[in-house]
1. Being in contact with an Asp or Glu (Cβ under 8 Å, 6 or more places away or on another chain), within 29 Å of Leu211 (Cβ to Cβ) and modelled with pLDDT of 85 or more: is that true of Gly72 here?
2. In the stretch 176-226, how many residues are among the small types (Gly, Ala, Ser), outside any helix (DSSP H, G or I) and closer than 19 Å to Pro12 by Cβ?
3. Taking the stretch 146-170, which residues are without any contact (Cβ under 8 Å) to a residue 60 or more places away in the chain and over 19 Å from Arg222 (Cβ atoms)?
4. Run down Val206, Val202, Val219 and say which single residue is without any contact (Cβ under 8 Å) to a residue 24 or more places away in the chain, open to solvent by 30 Å² or more (accessible area, probe 1.4 Å) and within 26 Å of Ile110 (Cβ to Cβ).
5. Where in the stretch 1-84 are there helices (runs of 4 or more DSSP H), lying wholly inside it, with at least 3 residues that are open to solvent by less than 70 Å² (accessible area, probe 1.4 Å), of a type in the set (A, V, I, L, M) and in contact (Cβ under 8 Å) with a residue 40 or more places away in the chain?
6. Could you tell me how many of the residues in the stretch 135-175 are outside any loop (DSSP other than H, G, I, E, B), among the hydroxyl-bearing types (Ser, Thr, Tyr) and open to solvent by 30 Å² or more (accessible area, probe 1.4 Å)?
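The values are calculated or read from the model by the stated rules, or taken from the named source; none is laboratory data. Just so it is clear, the structure is predicted and the values come from calculations on it, not from any experiment. Ideal geometry is used to build each Cβ from the backbone, glycine not excepted, and the neighbour counts take in all protein chains shown. Protein only, heavy atoms only, side chains kept; ligands, DNA and RNA dropped before computing areas. Shrake-Rupley method; radii C 1.70, N 1.55, O 1.52, S 1.80 Å.
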Amino acid sequence: MITGDGTWLDNPVISQGMWPATQETLLMTLLATVFTLIGGLPLGVLLHVTAPSGLRPAATLNRVLGAVVNVGRSLPFLILMIAIIPFTRFVVGTSAGWQAAVVPLTLGAIPFYARLVETSLREVSSGKVEAAQMMGATDGQTIRQVLVAEAAPGIVAGLTTTVIALVSYTAMAGAVGGGGLGATAMSYGYNRFQSDVMIVAVVLLVVIVQLVQMTGDFVVRRIDHR
């Protein structure tokens with residue numbers, strides 16, 4: 001275990017422990033992002049398609065999905081993380097470590113991202129959808145080639161916002177055994193009053209968020225042809 005003697009670069013927590021902690025934060029964020037995209041994008045599309053003005057209105061299904069998403073969005077992350085500990089253990093075999101944190105991170109982010117996807121799809125002109133249908137496009141083709149294609153900038157911007165939220169969630173996960181920069185900041189910066197560790201952890205989190213935002217903005221500019 002790193003003792004944390006010394007300060008700044010003479011502190012082993014900073015010189016030896018920060019990079020592994022940063023890797024854990026990046027891995028948590030990356031895996032949760034992938035799973036969130038896999039689950040959140042179809043869910044957002046389904047919410048839009050089954051809405052009263054959607055391609056295939058289904059009031060009951062839409063209300064059920066909306067209620068599930070709203071419940072998922074309303075739970076504070078720490079409460080969600082604690083509440084699903086049995087499920088997390090079932091999935092990954094443990095409730096501690098960065099691998100376990102991916103489960104609540106994903107479950108917390110999917111409903112959040114689904115709503116952002118739904119909002120982006122609502123911005124697509126109904127005229128373009130009707131034109132595609134008049135040309136004989138199937139529902140699947142209309143969804144892929146019109147709705148998702150036209151809403152792509154908003155969908156990517158929503159994913160960027162979600163990833164940034166995930167980074168902040170990883171810090172909270174670290175406070176209760178999730179690993180990463182949050183765990184390092186809590187264990188050494190807060191519990192042991194090592195302000196240098198806390199400052200470095202915060203700076204690294206800010207850098208990660210800035211890189212995510214810059215990357216997201218770049219992708220949006222490249223795919224937005226409006």
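1. Taking the combined requirement at face value, the residue does not satisfy it.
2. So the count comes out to 1.
3. Val146, Ile164, Ala165, Ser168
4. On inspection, the qualifying residue turns out to be Val206.
5. Counting at least 3 such residues, we get 18-49.
6. So the count comes out to 3.
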